[in-house]
Structure formats: C-alpha cells, structure tokens
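Okay, so here's the structure we're looking at.
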Ligand code: NDP
Ligand code: 2IT
C-alpha cells in the first residue's frame, strides 16, 4: 500500500471505527486508485477520494410497527446517500438482521462506482433495515414496509433518490413500499425500481443481475476464445441473483452443481436442469422454504449444513471451472479462494456485493485467473433499474428483447471498460483495477466540474 493509502485508511478507521466492511471496500478502491492519483494530482488536491468516502447524507430513523398479534416492534431504518455527482442517488434496500451503518456504507460506496460503470446517469446510495423478513407473514411484511416508507418517503423522489431491492427485498416488498409512497404523496412516479410489470416495472429487471453476471463471465471466456459449453459452475445463494444466474448458465450450455442458503448448501453432481430450477424457484419465491427441501425431493443430492465454526465454506471445495458467489459479503475467504484455485476454478463472476475478502482477491489476482469483481460483474441489476427509470420517464415500456439486448450490450461495454482501463494504467487483465478506476474517473471529473459541494 502507498503512503497515501496508508494514511487515508488510518484516518478513516480513526474517524469511523467498527465499520470493517466499509474499511475493506474503501481499501480495495484506494489501492487501485494510487496510480491514478499519482498521474492526476488534481484529484488529490481536490480531495476527491476523501469526499467520496464521506456520504453526502445519511438518514437514520426509527421504524415502529404493530404486527398481526398487536405487538409493537421497533426496527432501525437507513438510507445512505453517498454521491450524486452523475445522477440521482440510486441503489437497493436490504432487509436483514445483520444490517448496520458500516455494511450499508460499504454497499453505497460500491454502488457509486458500479453505477458509473453502467454509463447511465445514476449516483450511488443504499438503504435498508435490521428487520428480518424470514418466516414472517405477508401481513407482517406489509405493515413493516408501510412503516418504513412512512419516513423514507420524504427523502426520495424520481430525481432525488430511487431505491430498489437487495437481500430480503424483492417484488413483494417493492409493491408494499410503492403502495405506501403513492398513498402518502398522491403521486404515481418512478420512485422505486423493480416494480411489478403492470404498474411501471421493466421486463428483465428480476433476471438482470443474474443474467448480467453470466454475460460478464461469457465476455471473460471470450478473451480466451472459450464459451460456457460444458463448463461446471458453483453458485452460492438461492435468491434472486443466484436463480437467474443458474437460468442463464443452463441456457448457454453450462452445468451448475451447487446452491445454498444461510443454513446449508446442496450439491447435485448431475447438475440442475430447467425442471429442477423451477422447483427451486417455486420453493424460494412462492413457498419461501429452505434449500434443504431440494435434497428431500431429489434424493441423489447431498445437503451439507453450514457450520459457522468452520473456517472455510465447503461449497467452494468442489471440482469446477467457474464460481458465481451470489449470496452475501465475505462469503469467500483466503482459504476458500485457495480451495477454488486447487479445484481448477479459473472464472469467477461476483453476483453478490464484495463476496471475497481482500486476501482472497489477492490470491485470484496473483494467479491471473479471470476474476470479475462485483462492481463490474453484478452491475446488470442496477443497469436495468436505470432502464426502468428511462421507461418510466418516457411512459413507454420496452419489449423483453429490447431490454435484454441493452443489458447484454451494457455488460459487454463494462467488460471492455475494465480491460481497456486496466491496460491504460499498466495492469493488463486486472479487472479489479479496471473497474475501480473506470468507475472512479467519470465521477471524479463530474465532481471537479461541480466544485466543492
Ligand atoms: P435474496 O434475498 O433474493 O437472496 C439472498 C440469498 O443469499 C439467500 O439465499 C440467502 O439465504 C443468502 N444469504 C443472505 N445472507 C446470507 C448470509 N449472511 N450467509 C449465507 N447466505 C446468505 O438477495 P439477492 O439475490 O437479491 O442478493 C444476493 C447478493 O447479490 C447480495 O450480496 C446483494 O447485495 C447482491 N446484489 C443484488 C442485486 C439485485 O438486483 N437483487 C444487484 C446486485 C447485487 P437465506 O434465505 O438463508 O438468508
Ligand atoms: O447492489 C445492487 O446493485 C442492487 N441491489 C440493485 C440496485 C438497484 O438500484 O437496482
């Protein structure tokens, strides 16, 4: 690490201790940017990075709600508005008991670079709550969403801040949130993305993150004149991103042998097919069950419970060519990264945000595999959110084909930006530097243009 990065990190940790995920996200970006800041002293004197790591605005609020048994519950709500240099704040909402300020600051920080890479006019933000939707009735979910929006509504707007889904927030939650916003404001506007198709949503938005991460991997394969045909893939998670990553891998001729949730993972040596995937989608999206139920239906499958005392995740310890971490942050540590390499994995496309620890990333880079970091590889979701905003503004929906073609094209361009930028700054093939620098430059120049604000 350069002296500059060392001192930036020391100041950040002193000012905002106890936010390890945020420190991790900043350190990775700052490391990539050292060389840019050396070549462009104007970014350093204008304190662009120092400004980027301090969100423009943080909103924290109490969310009191009454459940269907009449009990009063109190959760914490957040919206982190990190940067609006190139467009309104844009990014998802996460409902998960682990949500805290540091996690949301890391996610909002990543979002700034990711959104810039899409080439669409979107700033970066993120929000959410420590509310746990797991196992709760639709009525409880609705009551919570209404209470959450009763405060959030005054901070968002189609030209101000446009939230969307993330962990624990899918179509159902977006519906309840949108309904409450509309009631409070008496306005039908595109204040959220991921909406239902018959009330302003875009085709392909549910599929976009998973499909995008596979399109990104396809681009990486192409640099070696290879395709997905016959490749074995490990996928983690079994939510929105994982499901559609599997769907697209199968369509492109690949084989997927794993999926997981926070309790455990399934290994199906034969690989999933469209019938098995439909079972998983119904299980997760309609029945809202657990992944263990797959192994109860398909007997040739092995289910392994995840043991939180174990210092590695056995899901990453199977022979394969590709890995699509699509569950959560830091799900691949250095030991997992080494296991992946030992098992022959040489293509990694990150559907989840920051799924790999810094020492894991270093191993992937040192081994020169095709490693697509999250802010590039999973940008397809927010890209189609941007397309949903365009369609809302025009009041004109695009066809499935039109949106999918645009998504494919955006992922191709992000891939090219990463490679070209990595080349230009002397680290060919390093998608991490490519994504961090490529995302940074556009935002930094906009900030220079707009003065100290
Ligand atoms: P979902 O809520 O649909 O699914 C999340 C999946 O990950 C579930 O299978 C969940 O299991 C598992 N998971 C969540 N937390 C943990 C944990 N702490 N340990 C182990 N497993 C866990 O979320 P998404 O699919 O939307 O999001 C997955 C990842 O992709 C996240 O990192 C998100 O930030 C990222 N992402 C999402 C985008 C989107 O458009 N939705 C866009 C870009 C990135 P369980 O049910 O047991 O909790
Ligand atoms: O991490 C992400 O990019 C998302 N959760 C999607 C954000 C969005 O606004 O669609």
Suppose we filter segment 69-97 for residues that are more than 16 Å from ligand 1 (Cβ to nearest atom) and either assigned to a strand (DSSP E or B) or closer than 26 Å to residue 328 by Cβ (or both); how many remain?
8
Flagged in segment 18-39 as more than 21 Å from residue 353 (Cα to Cα) and modelled with pLDDT of 95 or more, in numbering order, are 36
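Per-residue answers, yes or no, for (1) assigned to a helix (DSSP H, G or I); (2) within 14 Å of ligand 1 (Cβ to nearest atom); (3) within 30 Å of residue 390 (Cα to Cα); (4) in contact (Cβ under 8 Å) with a residue 12 or more places away in the chain:
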site: 116; (1), (2), (3), (4): yes, no, yes, yes
site: 122; (1), (2), (3), (4): no, yes, yes, yes
site: 125; (1), (2), (3), (4): no, yes, yes, yes
site: 131; (1), (2), (3), (4): no, yes, no, yes
site: 140; (1), (2), (3), (4): yes, no, no, yes
site: 150; (1), (2), (3), (4): yes, no, yes, yes
site: 154; (1), (2), (3), (4): yes, no, yes, no
Any residue at all in segment 306-313 that's touching a residue at least 24 places away in the same chain (Cβ under 8 Å), in a strand (DSSP E or B) and within 13 Å of ligand 1 (Cβ to nearest atom)?
no
State which residue is nearest to ligand 2 (Cβ to nearest atom) when the search covers only segment 348-359 and only residues that are buried (at least 24 other Cβ atoms within 10 Å of the Cβ) and either at negative phi or more than 19 Å from the chain's Cα centre (by Cα) (or both).
353
Residue check, residue 54 surrounded by fewer than 18 Cβ atoms within 10 Å (Cβ to Cβ) and either under 17 Å from residue 19 (Cα atoms) or within 16 Å of ligand 2 (Cβ to nearest atom) (or both):
yes
By residue number, the members of segment 360-375 that are out of contact with any strand residue (DSSP E or B) (no Cβ under 9 Å at 6 or more places or on another chain) and either within 18 Å of residue 224 (Cβ to Cβ) or within 16 Å of ligand 2 (Cβ to nearest atom) (or both) are 367, 368, 375
Can you tell me which residue within segment 279-305, out of those that are part of a loop (DSSP other than H, G, I, E, B) and within 15 Å of ligand 1 (Cβ to nearest atom), is nearest to residue 267 (Cα to Cα)?
291
Given (1) buried (at least 24 other Cβ atoms within 10 Å of the Cβ); (2) farther than 15 Å from residue 145 by Cα; (3) within 15 Å of ligand 1 (Cβ to nearest atom); (4) touching a residue at least 40 places away in the same chain (Cβ under 8 Å), identify the lone condition not met by residue 169.
(2)
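The values are calculated or read from the model by the stated rules, or taken from the named source; none is laboratory data. Note that the structure is a prediction, hence the values are computed from the model and not measured. Here the Cβ is made from the backbone with ideal geometry for all residues, glycine too, and neighbour counts use every protein chain on show.
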